[in-house]
Amino acid sequence: MKKVCNLLVIFFAPYCLMAQPLIEVAKSHYTHESWELAYTSYKNVLETNPYNDVYWYRYANASEKTDHLDEAIEAYGKTIALNTAHSSAMYRLARCYALKGNTKKALTWLEKADRTGHYDIRSAIEDQNFKNLHPNGQFKFLTGQVSQTATNKIQAWQQDLEYLVEQVEKEHKNFTHSISLKEWQNAVQKVHNEIPQMNDLEIIGAFMELLAKIGDGHTLLYPPFQGTHAFKALPLEFYFFEDELYVRAAEPEYRSLVGAKVEKVGSMSIKAIMDACKVYLGHDNDMQLKWIMPVALGFSDIYELIGASKDRDSIAFTLQFLEGRRKTVSLKSGPLTRDPMARFAPSDWIDLQNSKIPLWKKNPENLYWYEYLTDRKIVYFQFNQVRNKPDQSLADFVKELFQFVDENEVKALILDIRLNNGGNSFLNRALIHEIIRNEKINTRGKLFTIIGRRTFSAAMNLTSDLERHTATLFVGEPTGSKPNFYGEDNLFILPNSGLTGSISSRYWQGGHTSDDTRTWIAPHLAADLSLDDYLNDEDPALEAIFSYLEASKSE
């Protein structure tokens, strides 16, 4: 038997040695868009390995780029046979048929790509490879171009509703996960019937509420930030400290309001406002609401929508100031002049913090950075968005980070993702792998991850990966999403109003099992940010870690 095994090794070794470099050469040609060389290389690769859908797709793409359309059509077909939901292959196959003049097959495959819910086939409108199909009625229908112009405002809104419902039912991974089909259909019909009696703001609110009924944090209609229906912005930034809403920052003219607690708007208590507002906001859990509700409350239209004000141009706030006095002030709203999703207010606004900038606020718009805390021999790594920088990929950054960890005296690594609301989950792998292989850090009590209300989407997936594969201790607030959640920003634009939003097209399973029903990933060390902490430039999460390490030394 041993002789047989040796013969097998000798027989197959040359093939393995030959095939692997060929794969790498083909990949290099493809990556560098050397299409003729990629076409030839992948053709050779497939002679020895016809089982891999990635190789067929790349061969198909290279064939298309080099005008071998018949080979591209066959190869895209092979790709789809091996990966039945490969929407990109379906779209490109449709394109090849369009270039060949086969309108029927082009439309068939375009429709199949659309049905997967993972490809925005509206790109075909600008794709000149489909130019012969652009006048086609079925093509216009598939790509969401309204074939019949609305004759009045009511019809335009009803067309938008029809389009919205069609997109939800086609693209959402499971739009009835929190609402029954009958309840959904009744809700849709109710909005349709009431459109003639509603004004524009009420209709926008009805659309927001309809999507929020689906019950996840990636399925929502965005408050319109610009255009005909643009919401008006207030000169304040709000934040929940514990369960109370405060003015965290303001335009310089309103500096006297910074630090005040919001008690009422109009005659409505802040509790009533929160209850009324959350029905318009798709969310995964209450922590996400703590993050996104203050954003929504920065728009005056919301108060008119929920009945707290009759005039979106002027909103009356009853505030309690730090010294205890109460005052009602009326604030004028105006056009939005800042990024409402920014982590903090613009630099020219007045912030509640004092002159000292705490570490977690030092560089919030930098996607990823680290600092060595020399006195404590700790590396602090803030990771704010799961994206690659133009000048340094995340993978290269984490290599640099862990090289520093290996070459220096490092007693602990603190990973801060409390401000990270997502990005590309597939980029997390490089970080996870570096942590797993680093025995110096991947030890209980040496690796800490700060999480919070804004830890969401791809950052939520990172949290789940850390929980399953590393020895990290979580510190701070619970996450703004669940271990298992419906996600992915599948964007849509309503054809008449131009309103935008997103629809969850994937079910991410980061939990221990597929039936992990936890509301969030909870911290091992709870460290809520209080008003006093913020006022005094303190970071309770970092302090909790430092205290833990000090206590560990004394044991």
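The values are calculated or read from the model by the stated rules, or taken from the named source; none is laboratory data. Owing to the predicted nature of the structure, the values given are computational and were not obtained by experimental measurement. Don't worry about glycine lacking a Cβ; one is built from the backbone with ideal geometry, like all the others, and counts go over all protein chains shown. Side chains included, ligands, DNA and RNA excluded: accessible areas come from the protein's heavy atoms. Shrake-Rupley method; radii C 1.70, N 1.55, O 1.52, S 1.80 Å.
Structure notes:
- Potential lengthening of the chain between S123 and Q392 amounts to 93.9 nm, from the contour at 0.36 nm per residue minus the alpha-carbon distance.
- Highest to lowest packing among 22-30, 327-335, scored as the average C-beta count within 10 Å: 22-30, 327-335
- Paramagnetic label zone (point 7 Å from Cα along Cα-to-C-beta, A551; backbone N under 19 Å) in the range 431-448: 443-448
- Between L525 and R255, the simple label model (points 7 Å from Cα in the Cβ direction) yields a spacing of 3.7 nm.
- Student exercise, the chain dipole from Lys, Arg, Asp, Glu Cβ charges, in Debye to nearest 20: 920
- Going by accessible surface with a 1.4 Å probe and the largest first, I521, I357 read I357, I521.
- Proximity of backbone amide H atoms, modeled 1.01 Å from N, is registered between E237 and R248, A249, A250 at under 5 Å, excluding neighbours fewer than 5 places apart on the same chain.
- Accessible surface calculations at 1.4 Å, restricted to protein heavy atoms, place the chain at 48 Å² per residue.
- Local net charge near N132, Cβ-Cβ under 15 Å (Lys/Arg +1, Asp/Glu -1): +4
- Packing rank of 413-423, 453-463, where each peptide gets the mean count of other beta carbons within 10 Å, highest leading: 453-463, 413-423
- In plain terms, if you count all Cα to Cα distances in the chain and split them into 20 Å steps from zero, the share in each step is 18, 45, 32, 6, 0 percent.
- One Cα centroid belongs to the range 180-218, the other to the range 521-555; the line between them spans 43 Å.
- Ranked packing of 79-91, 308-320, 41-53, 478-490, most packed first, by mean Cβ within 10 Å: 478-490, 79-91, 308-320, 41-53
- Surface share of carbon and sulfur [accessible, 1.4 angstrom probe, percent] for the range 220-310: 49
- Label point distance in nm, T108-A430, each placed 7 Å from Cα along Cα→Cβ: 4.2
- Radius of gyration and maximum dimension Dmax of the range 52-187, Cα, Å: 17.3, 53
- The alpha carbons of the range 318-385 stretch over 49, 32, 17 Å along the principal axes, in descending order.
- The range 424-478 versus the range 359-397: alpha-carbon centroid distance in Å: 14
- The slack between T66 and H512, meaning 0.36 nm per residue of separation minus the straight C-alpha distance, is 155.9 nm.
- DSSP beta bridges fully contained in the range 411-505 are about 35 percent antiparallel.
- Using the Cβ-Cβ distance between K332 and N52 with R0 set to 56 Å, the FRET efficiency from 1/(1 + (r/R0)^6) comes to roughly 0.35.
- Here the label points at D532 and E409, each 7 Å from Cα along the C-beta direction, are separated by 3.5 nm in the simple model.
- Unsatisfied cross-links (Cα-Cα over 27 Å) in the set K232/K356; K112/K278; K362/K411; K112/K140; K78/K112: K232/K356; K112/K278
- If you wrap the tightest convex hull around every Cα atom of the range 246-384 and split its volume per residue, you get 151 Å³.
- Backbone geometry of the range 467-479 corresponds, through the Karplus equation with coefficients 6.51, -1.76 and 1.60 at θ = phi - 60°, to 3J(HN,Hα) couplings of 5, 7, 10, 10, 9, 5, 10, 8, 9, x, 9, x, 6 Hz, x marking Gly and Pro.
- Bridge type composition, the chain - antiparallel percent by DSSP, nearest 5: 70
- For the range 123-129, 3J(HN,Hα) per residue [Karplus equation, 6.51 cos²θ - 1.76 cosθ + 1.60, θ = phi - 60°, Hz, x = Gly/Pro]: 4, 5, 5, 9, 6, 5, 5
- For N484, residues with placed amide H under 5 Å, excluding near neighbours: G510, G511
- The share of C-alpha pairs in the range 201-253 whose separation exceeds 13 Å stands at 71 percent.
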